[in-house]
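Everything on this sheet refers to the single structure shown next.
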Amino acid sequence: MDFSLNEEHEALRDNARAFLSKEAELSKLLVPGATVAQAGYDGMWNKMVELGWPGIVVPEAYGGLGMTYLDLAMVMGEIGRSLAAAPLFGTLAGAWAVEKAGSEDQKKLLLGEVAAGRLRLALAVTCANGTADGAHSDVKAVQRDGRWVVSGRNAFVVDADAADKIVVLARTKDKGQFFLVDRGDRNVTVDVLEWRDITRQVCAVSYNNVSAEPLSQSDDDTWPWIRDRLYLVLAAESAGGIQKVLADTVEYAKERVAFGKPIGAFQAIKHQLAELAGLDQCATAGVHFAAWALGEGDKRASLAAAMAQSYASAAYRDVTYRNIQVFGAIGFTWEMKNHLYYKRARSNAELLGAPRHQRDQVVRLLEKTPELLSA
Amino acid sequence: MDFNLPGEDDPRRLAVRKWFEANPSPSYAQLAKQGYVVPHWPEPWGLGAEPELQLIIDQEIERAGIVHPMTFNVIAINQCGQSLLTHGTKDQRQKFLPPALACEERWCMLFSEPSGGSDLGNLRTTARRDGDHYIINGQKIWNSMANKSQIGVLIARTDPEAPKHRGLSVFLIDMKTLGVLVRPIVDMTGEEPEYNEVFLTDVKVSADRLLGKEGDGWRIVMEQLQTERMHMTKPGAVWGGGPTARELMSGLIQTGKINDPLIRDEAGKLFVEGELLRLLSLRNLSNRINGKPAGAEGNIGKMLASPHGQNLSDLAKRSQGAAGMVRDRSVLPLPPKEYGLFDNWDYAYWFAPAATLGVGTQEILKNAVAERVLGLPRELDPTASLPFNQAKLVKPKGAN
Ligand SMILES: Cc1cc2nc3c(=O)[nH]c(=O)nc-3n(C[C@H](O)[C@H](O)[C@H](O)COP(=O)(O)OP(=O)(O)OC[C@H]3O[C@@H](n4cnc5c(N)ncnc54)[C@H](O)[C@@H]3O)c2cc1C
């Protein structure tokens, strides 16, 4: 038993923080009118590639770093903290789909390319109405002359425009299955949405008879397996963001003076900040547990992932809202970064379903497996 | 990291279990002799156990269906006994610890006074040195278990000319000493009275009952409060004890109440929060195993755990509708287990308002977190630097 981070995790986190505080640049986004096009996706990606981050959890056998989910959580926490913008979320998601549902040949080829930084991916699972449950899809796959083609539409696909290939969940005659399509195919249309969180590229994608390569091992477990990992990614980002926003708020409360004292001397402010400190502690604890449980294949893994995501994304919203209040009017300007975090927080609480949705998952798991209540 | 608790086949656990098999219903004295009451203390009281062994022993006590001695005599064993170890003389330890650990003598905390609980430093009870004795006069209030205790840990003012926090000292008094009058106060649950008022009239206490040095009182009680808060970071319904969100969930599932969508969502939320609080309290334990210094986590933990516990019993109650207003212990079932005092949701619910009062109100805890964890400016007490006998004459600004 050891519920604390060890020195290697702390070192990884500190190195990532040092790197990102030098390289991640929000200033272009703080110019009114900025969009995700100014977020610096490509430049940041190239730097991440130098560090091997695209292959951070790709098994070594396929050319990745083969690090643990806890290591990943350390890095994602720092990305969340800095809001570094790059197509990492999409690439991780796509790579997990390949890892879980691809054939051995596909894994060798594709994961190797991902790890080398030569292949960027996106994962398209969301229906037009926002559902992303692995069971429903607005994309249909049919076989023509022995080859698969897909048609239909996905909403809210993260990093689709930046991707080289898109992994898409489509319905065949009898089941849901994952396929790979080329982003560059002329029958693929990607619209970058005016997503309010401009640190993240979110797109609508449509397919009009696009030739598609099936991931042959897809089954009903594929999506839940990927989703649990994506919960971890978002929760780790959120927890990292919470920590940063809390620190910024505390610092501001010590400096800003009103009525002859720092505003942090007023209890209305102090007490809010104390509450945020509690949220920060819990969010981080949840992320560490989820990362560990996923890495170990522990029986609590799905539960832990849903817990981490529901808690961290809800807490992130509270913290970023409070942050703007404590800053006063300046916190409401485009030129300050407060709103970037506020928008990221909202986005993290919607992309994979709302916190309420994950709480329902938690309860369903407990109903199904009462032993989890005493584990 | 490794989130597994020491396993069923852990050799340390097997050794403890073997002892319980050989001693199926041990007395508290036997547990104390075995070192199982305070395993983390040094010998001869404990086993000098690392926190993991401590956890195992606590779990095995629970498994054996025994009310933990800590539950029975928490003030002696948790908060105050610890300060006897650090600040007590050898004679004091020999005299007071064995009966305390064996639960033959219960202790109570005589801190709060009518002059204020949060602003404890404002206390009026005096201890005047008289040869090899002290003479104590004053009144204490809200003292849990004072009516059932043999020993009282009392803080009193030994130097009225020193500033309010400096002239204080701690004494271990016999509750049956002449001049000590204990009157139970019926709390709003109307159950077993939780607390008392204690009148002290010319109580003569031998000087060897002074804990630490004269003037050390504030530091000692602050340490005790920190230890006590740490103990309360567990996610139980009241002050860390009683049923948790796990048992709430289990009851709601068992009764089908969980199918109400609003209850379902709230229960999910509380379950998640409870699990995270559990992780935090175990992380504190691990930090100690790993030699990381204990910080102010007890304050954050209690700040989170007290309202969490209140929300648990609140949902348990609400899930029962009007039936929850009837004094009935079994409306929402609890899985069989040793829960200590709060072994039903009804009592836990009616007791709940006290959880954010005792051992530091929610406001005091938020101040502590803001100031000690986040480093925000400290609240100023305009009377803190005055000699106490002048400070108590200062008329507060804004008061009628
Ligand atoms: C069930 C129970 C058991 C107890 N057991 C014991 C015991 O065994 N021994 C013992 O000595 N005491 C005990 N107490 C007393 C307890 O420590 C006090 O109730 C507590 O410290 C609060 O003091 P008070 O009741 O005098 O309230 P006050 O200090 O008068 O507080 C009243 C209100 O003012 C608020 N307040 C006070 N100061 C501030 C501030 N600086 N900023 C913001 N708000 C503030 C408080 O938060 C509270 O809401 C017990 C209390 C309860 C309810």
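Any read-out appearing in this document is the output of simple, stated calculations on the displayed coordinates, not a laboratory observation. Values in this document were obtained by computation on a predicted structure and should not be read as measured data. Cβ: placed from backbone, ideal geometry, glycine included. Neighbour counts: every protein chain shown.
Data table
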item: Candidates A:GLY94, A:GLY77, A:GLY328: whichever shows maximal mean-square fluctuation once chain A is modelled as a Gaussian network with Cα springs under 10 Å; result: A:GLY328
item: The range A:283-292 - phi-based ³J(HN,Hα) in whole Hz, Karplus 6.51/-1.76/1.60, Gly and Pro as x; result: 4, 5, 4, x, 5, 4, 5, 4, 4, 5
item: Debye, to nearest 20: dipole size of the protein assembly as shown, +1 on Lys, Arg Cβ, -1 on Asp, Glu Cβ; result: 1480
item: Under the Karplus curve 6.51 cos²θ - 1.76 cosθ + 1.60, θ = phi - 60°, whole-Hz ³J(HN,Hα) for the range B:201-213, x wherever Gly or Pro sits; result: 10, 6, 7, 9, 10, 5, 4, 6, 8, 6, 9, x, 9
item: Neighbourhood charge, 13 Å Cβ-Cβ cut-off, centred on A:ALA212 and excluding it, Lys, Arg +1 and Asp, Glu -1; result: +3
item: R0 of 51 Å, Cβ-Cβ distance B:ASN23-A:ASN208: FRET efficiency to nearest 0.05; result: 0.10
item: Residue of A:GLN267, A:GLN177, A:GLN201 that the Gaussian network model of chain A assigns the largest fluctuation, springs spanning Cα pairs under 10 Å; result: A:GLN267
item: Cα Rg, Dmax (largest Cα-Cα span) when computed across chain B, Å; result: 22.0, 70
item: Rounded FRET efficiency, nearest 0.05, which uses the C-beta distance separating B:MET222 from B:VAL186 and R0 of 30 Å; result: 0.50
item: Environment charge at A:LEU373 (Cβ cut-off 14 Å; Lys +1, Arg +1, Asp -1, Glu -1); result: +3
item: Scattering curve values for the protein assembly as shown, log₁₀ I(q)/I(0), Debye with Cα scatterers, q = 0.06, 0.09, 0.12 Å⁻¹; result: -0.44, -0.91, -1.38
item: Relative contact order computed over chain A (Cα-Cα under 8 Å; 6+ residues apart), in percent; result: 15
item: Of B:GLU371, B:GLU113, B:GLU105, the one that fluctuates the most in a GNM where chain B has Cα springs shorter than 10 Å; result: B:GLU371
item: The protein assembly as shown, helix-only ellipticity at 222 nm - DSSP H runs n ≥ 4, -39,500 (n - 2.57), divided by all residues, nearest 500; result: -13500 deg cm²/dmol
item: Calculated from backbone phi, Karplus (6.51, -1.76, 1.60) coupling profile of the range B:6-17 in Hz, x at Gly/Pro; result: x, x, 5, 9, 4, x, 5, 5, 4, 5, 5, 5
item: Using a Förster distance of 45 Å, the FRET efficiency for B:ILE289-B:ASP381 (Cβ separation, nearest 0.05); result: 0.75
item: Filtered trypsin sites (Lys or Arg not before Pro), the range A:175-282: DSSP coil and at most 12 other beta carbons within 10 Å; result: A:LYS175, A:ARG186
item: Semi-axes of the equivalent ellipsoid for chain A, Cα gyration tensor, largest first, Å; result: 35, 23, 20
item: Prolate/oblate/rounded label for the range B:74-150 (Cα gyration tensor, a/c 1.5); result: oblate
